[in-house]
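Undergrad: After the structure tokens below, expect a handful of questions from me.
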Amino acid sequence: MYAFKKEAAGTYEETVARTKAELKNEGFGVITEIDVQKTVKEKLGAECEKYVILGACNPPFAYKAIMAERDIGLFMPCNVLVYEHQGKVFVASVKPTMAMSMTGNKALEPLAEQVEAKLKKVVDSV
């Protein structure tokens, strides 16, 4: 599986706020926020359920990863999702170990495991 995912308690808006707070608690900053519902409406005139992509970055880990693998930025930032589907709210995060394994750089493995543990804690805490 390439992601952690769980159904969240509370509303979509509450879950987005809790997710951002938990990311901050784990040392991540949200450097991008894509409101997919809004973008789809503006660009396509179509409707979709609430869906946000949060681009999360932990600067010390990002720096170490870039020093170990210059092209790792292709997999950054770590994406965390909050979305509604069929009346339920979900939170999900990419598994960095899966993404970084594609580089073949063994030096990234311990770093990916540390970042993944933090992101799993975020998802579990929401």
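Undergrad: For residues that are loosely packed, with under 11 Cβ neighbours inside 10 Å and of a type in the set (D, E, K, R), tally how many sit in segment 29-87.
TA: 5
Residue-by-condition table, conditions (1) out of contact with any Gly (no Cβ under 7 Å at 6 or more places or on another chain); (2) within 20 Å of THR19 (Cα to Cα); (3) β-branched (Val, Ile, Thr):
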{"position": "LYS50", "(1), (2), (3)": "yes, yes, no"}
{"position": "GLY55", "(1), (2), (3)": "yes, yes, no"}
{"position": "ASP71", "(1), (2), (3)": "yes, no, no"}
{"position": "VAL80", "(1), (2), (3)": "yes, yes, yes"}
{"position": "ASN105", "(1), (2), (3)": "yes, no, no"}
{"position": "LEU119", "(1), (2), (3)": "yes, yes, no"}
{"position": "VAL122", "(1), (2), (3)": "yes, yes, yes"}
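Undergrad: Then there is this: Limited to segment 93-116, what total is found for residues that are buried (at least 16 other Cβ atoms within 10 Å of the Cβ) and touching a strand residue (DSSP E or B) at 6+ places or on another chain (Cβ under 9 Å)?
TA: Matching residues across segment 93-116 total 7.
Undergrad: Filtering segment 10-36 down to residues that are part of a helix (DSSP H, G or I) and among the hydroxyl-bearing types (Ser, Thr, Tyr), which residue is nearest to MET76 (Cα to Cα)?
TA: THR19
Undergrad: Could you check segment 77-116 and list, in sequence order, the residues that are small (Gly, Ala, Ser), assigned to a helix (DSSP H, G or I) and touching a residue at least 12 places away in the same chain (Cβ under 8 Å)?
TA: Listed by number, the residues that qualify are ALA99, ALA107, ALA112.
Undergrad: Could you tell me which numbered condition LYS120 fails, if it satisfies all but one of (1) closer than 25 Å to GLN37 by Cβ; (2) in contact with a strand residue (DSSP E or B) (Cβ under 6 Å, 6 or more places away or on another chain)?
TA: (1)
Undergrad: Tell me, please, whether a residue that is within 16 Å of the chain's Cα centre (by Cα) and under 25 Å from GLU7 (Cβ atoms) can be found in segment 56-70.
TA: yes
Read-outs throughout are calculated quantities, based only on the coordinates presented, and are distinct from any laboratory measurement. Small disclaimer: the values here were computed from a predicted structure and weren't measured. Because the Cβ atoms are built from the backbone with ideal geometry, glycine has one as well, and the counts that use them run over all protein chains shown.
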